[in-house]
Amino acid sequence: MILPFLFVASAHKKGRGVFTSENINEQTIIEISPVIVMNNIDRILLDQTLLHDYIFEWGYHHKQCCVALGYVSIYNHSYQSNCEYEMDYDQELISIKTIRSIKAGEELFINYNGDWNNEKKIWFNAQ
């Protein structure tokens, strides 16, 4: 499920990103996407490819990884994100929810550290 007013477009100096064409209220689930789960051996191989930047750690012990379908892997990172993601290991889903109201035209961001306000440095230079 992806809300119909979300779209992918060029994001200044960040490749592509996810944007909204309508205002969105806070605490709105905007996407629920299935994932493809891979084991730790697959992760070692994926870490050697461009897909490394698009996978998520997966599982209670973070020994697996997953590729999220839908737009999930296209959301850009921000330490001041306006959305957060939640993983459902049993159903193999990732959902994206807004944490504040978002205006039409805004880019939607998640914090790659998991928690929307986690300021731990990530593996690449980010703002």
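A few remarks follow.
- Residue satisfying condition, being touching a Leu at 6+ places or on another chain (Cβ under 8 Å), closer than 26 Å to residue 91 by Cα and free of Cβ contacts under 8 Å to residues at least 40 places away in the same chain, within set 62, 52: 52
- Residues located in the stretch 4-15, provided they are closer than 25 Å to residue 92 by Cα, surrounded by fewer than 16 Cβ atoms within 10 Å (Cβ to Cβ) and of a type outside the set (Phe, Trp, Tyr): 4, 8
- Qualifying residue in the stretch 93-115 (condition: loosely packed, with under 15 Cβ neighbours inside 10 Å and free of Cβ contacts under 8 Å to residues at least 12 places away in the same chain): no
- Counted as qualifying within the stretch 54-108 are the strands (runs of 3 or more DSSP E) with 3 or more residues that are in contact with a helix residue (DSSP H, G or I) (Cβ under 7 Å, 6 or more places away or on another chain) and not basic (Lys, Arg), namely 64-68.
- Residue count for the stretch 27-43 satisfying the condition of being assigned to a loop (DSSP other than H, G, I, E, B) and either under 14 Å from the mean Cα position of the chain (by Cα) or closer than 15 Å to residue 104 by Cβ (or both): 1.
- In the stretch 29-42, the count of residues that are within 22 Å of residue 103 (Cβ to Cβ) and acidic (Asp, Glu) is one or more.
FYI, it's all coordinate maths here, none of it is from the lab. Remember, it's a predicted structure, so these values are computed and weren't measured experimentally. All Cβ positions, glycine included, derive from the backbone under ideal geometry; neighbour counts span all protein chains shown.
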